[in-house]
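The values are calculated or read from the model by the stated rules, or taken from the named source; none is laboratory data. Only a predicted model underlies this, so the values are computations on that prediction, with no experimental measurement involved. A quick note on method: Cβ atoms are made from the backbone with ideal geometry, for glycine too, and the neighbour counts reach across all protein chains shown.
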Amino acid sequence: MDFDEFVRAEMSSLARFSGALAGDRYLAEDILSDALMKVARRWRRISALDDPAAYVRRVLVTTYLDDRRKAQRRRTAPTSDIAVLDRPSADPADSVIDRAEVARLLSALPAQQKAAVVLRYLMDESDEQIAEALGCSTGTVRSHLSRARATLRLVAAADGEGVTA
């Protein structure tokens with residue numbers, strides 16, 4: 001499969017993943033385009049891997065984390081402009097409210113925990129796949145997920161909402 005075919009086949013999934021990580025449509029597009037540029041340069045080697053999509057997701061995560069480190073130094077924050085849920089609803093307004101709530105809750109998490117949550121619950125990745133994407137051990141993944149769930153519970157409880165994660 002050449003790079004163009006790969007991008008056509010995986011673009012919607014990669015865009016959703018990038019959007020969920022970034023929490024901002026424009027930042028997500030920037031991160032995705034930066035990651036795809038990195039991948040395109042090495043596509044012959046990457047395409048030979050067992051799962052090139054997993055490798056590209058890892059590049060997306062590292063690009064996102066690098067960007068967040070730079071943003072912290074610049075003291076900038078992304079806007080909340082991304083729809084992160086794909087659940088159909090009878091009333092479109094409910095879907096917008098759900099998406100805004102998920103984006104708000106995710107914004108309360110540190111970058112590594114946010115990436116782990118998105119990989120687990122949006123991309124349905126295993127601990128091993130998440131560990132590979134984040135460049136850490138499976139125990140660290142479980143720790144990130146546990147701490148993220150605890151933080152999400154506290155944030156939701158502070159708002160008067162009960163969330164069980």
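Data overview
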item: Residue selected from the range 1-15 under the condition among the aliphatic types (A, V, I, L, M) and under 21 Å from the mean Cα position of the chain (by Cα), by the criterion surrounded by the most Cβ atoms within 10 Å (Cβ to Cβ); result: 14
item: Test result for residue 118, under 11 Å from the mean Cα position of the chain (by Cα), closer than 27 Å to residue 143 by Cβ and at pLDDT below 80; result: no
item: In the range 16-37, the residues that are hydrophobic (A, V, I, L, M, F, W, C) and either touching a residue at least 40 places away in the same chain (Cβ under 8 Å) or exposed (fewer than 15 other Cβ atoms within 10 Å of the Cβ) (or both); result: 17, 20, 21, 22, 27, 28, 37
item: Extreme residue, surrounded by the most Cβ atoms within 10 Å (Cβ to Cβ), among residues of the range 116-146 that are among the small types (Gly, Ala, Ser) and under 14 Å from residue 54 (Cβ atoms); result: 133
item: Positions within the range 120-135 being outside any loop (DSSP other than H, G, I, E, B) and more than 17 Å from residue 68 (Cα to Cα), in sequence order; result: 120, 121, 122, 127, 128, 129, 130, 131, 132
item: Filtered residues of the range 38-54 (kept if without any contact (Cβ under 8 Å) to a residue 40 or more places away in the chain, over 19 Å from residue 69 (Cβ atoms) and either not aliphatic (A, V, I, L, M) or not in a loop (DSSP other than H, G, I, E, B) (or both)); result: 39, 40, 41, 42, 44, 45, 46, 50, 51
